[in-house]
1. For an R0 of 41 angstrom, estimate the FRET efficiency from the Cβ-Cβ distance between A540 and E350 and round to the nearest 0.05.
2. Sort the following peptides by mean Cβ neighbour count (other Cβ atoms within 10 Å, averaged over residues), highest first: 463-471, 317-325.
3. Work from the charge dipole of the range 361-511 (Cβ charges, +1 for Lys and Arg, -1 for Asp and Glu, about the Cα centre) and give the residue of A386, S375, G506 farthest towards its positive end.
4. So who's got an amide H within less than 5 Å of the one on A502, skipping anything under 5 residues away but keeping other chains? H placed 1.01 Å off N, in plane.
5. Can you send over the solvent-accessible area of V370, 1.4 Å probe, protein chains only, in Å² to the nearest 10?
6. Where does the charge balance sit around G334 when Lys and Arg score +1, Asp and Glu -1, over other residues with C-beta under 9 Å from its C-beta?
7. Leaving out ligands, DNA and RNA, what percent of the accessible area of the range 50-93 is carbon and sulfur, probe 1.4 Å?
8. Compute the acute angle (0 to 90°) between the alpha-carbon long axis of helix 112-122 and the principal axis of greatest extent of the alpha-carbon atoms of the chain; round to the nearest 10°.
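The values are calculated or read from the model by the stated rules, or taken from the named source; none is laboratory data. These numbers come from a predicted model, not from an experiment. Here the Cβ is made from the backbone with ideal geometry for all residues, glycine too, and neighbour counts use every protein chain on show. With ligands, DNA and RNA removed, areas are computed over all heavy atoms of the protein, side chains included. Shrake-Rupley method; radii C 1.70, N 1.55, O 1.52, S 1.80 Å.
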Amino acid sequence: MNTNGKIQGSTHWLVSGNLLDTALAEQACASASKKNQSVVKYLVDQEILESRSIASILSQELGFPLLDLDAMDPLAMPLALIDSNLIQKHRVLPLLKRNTTLFLGTSDPANLPALEEIKFHTGCKIELIILEEDKLHTVLQELLEQSQSLLPRHQTMDYLDSQSQVFENHGEENGEEEESRIDEPPVMRFVNKILIDAIRSDVSDIHIEPYDNSSRIRFREDGLLREITRPPAHICRRICSRLKVMAKLDISEKRVPQDGRFKLKLTPRKAIDFRVSTLPTLWGEKVVLRILDPGNTKLDLETLGFTDQQKQHYLDALNSQQGLILVTGPTGSGKSLSLYAGLSLLNTQERNIATAEDPVEIHLEGINQVAINPSAGLGFADSLRAFLRQDPDVLMVGEIRDLETAEIALRASQTGHLVLSTLHTNNASETITRLIDMGIAPYHLASTLSLVIAQRLLRTLCNRCKKPVRLPAQVLIQEGFTKSQLDNLQLFTPVGCDQCLAGYKGRLGIYETVPITEAISRVIIDGGNSIQVAELANKAGFNTLRESALEQVARGLTSLAEVNRII
């Protein structure tokens, strides 16, 4: 549109569709331009044309489908894909996302600059849907009201830019030319948008990776990485420098890895911690951010996914005055959360609890938490020795990495203390042989170890789009189901919709809990192997990891393919 008496944009199609005459179209273009608003909105506001008539003609002339917004549920729209500022600025609505295609609703389909900006920010192919202006206006007003009352879910970039103390732990910049513009508004806004988008999507990690002529940014969501955008290489360097300044790292040092952290304040009472790690690579520094949101952490055994039997095993071990509880599994399997859930139950006024962690991921009031610092001479073993001189009742060691730490942990559990820790093993029975291989005497282990918990995290199926699937009985039995389970067994498979990621949304824990019974203790003392321990656990009726996973498949919470991917 312009004010030179020429007809452009949607008015051209309204004229060709005999809804407007040329003179009125030119006047509408000029007036809308002065008001800095869409000509379609101007025509409706001035009651020159009806919304329905405009939408119908534009749909016919341009060939885009017409949608009645009354049939859409705003809660089902993928609103998080587009910043709320852009939605209000361009008067558009993200209606549906299928793979890389975004179906975008608008009352003015000729607003090409708006479409290009949306395409750039989302990285999606855009398919237009025509909406009636009056109904679009109603929905946009509702969203605007929600965005003002639901901070930070609909936090805007303007809010972040207006905060002079949004970031804590600022470091000093040096004078390198490449970093001289790291605090310019475009770089700051881009970094802010990455962080806010990650928080909205419940992302656990952000990966910023440089390459020769480009770079990429990926989010880890529900345990899997997905690419978000590919900024130019020179922008990536500025992003990395900006993050290093925020994390109080040395931006002039690019030859060695660095670790730091910063806090993002969303509201005066709401803050998110980011743990930052840099790594020198062939084409520059890769930065990984771990997002730590204490507000989203539910330290409740009821929500972690334990079966009744497994939960009782854990509670029995926690209620003991002494002993060693080990939680095992690979990195990212939720071990720390299981430990914190146990500590939160033990966190009473009568107990002195101390933890040694690397790093401290969740802050628990009432517990003495220590972040180990090996470079300063404070490792897990050093922390444990110090704890034992502080009259402790319960100790938690972030990880048993060596024989020294293992021996001190066992000694503490033998002298009237309850000790919790983690270990990297595949299952519960292998934990015992791993400790013996470290050099722990079998008789010490048998008299001290009280419970081993092995765990994994499985992606859960999206309830909105999952569909039933039938498999032959022989295949199901080969996968591990029993014949008794086949009766009325209903399996589901992922599909994918705008509310999930490839058919999955969220994760749940699966567990294998093995209390150290007298029979298992005798096997340990006699030098038995992990196979013998596993057989005894099976005879005692303790589910293996796979059996626990298949129970979740039978309940329709996850898929067989996801179980086979993890176990």
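1. Numbers: r = 33 Å, r/R0 = 0.80.
The formula returns an efficiency of 0.80 here.
2. Numbers: 463-471: 13.6, 317-325: 17.9.
Listed from highest to lowest mean packing, they are 317-325, 463-471.
3. Checked the options; the winner is G506.
4. It is C497, by chain and number.
5. The accessible area of V370 comes to roughly 40 Å².
6. Values: positive: K335, R456, R507; negative: none.
Residues near G334 contribute +3 overall.
7. Numbers: 1090 of 2080 Å².
So the carbon and sulfur contribution to the accessible surface is 53 percent.
8. Result, in degrees: 0.
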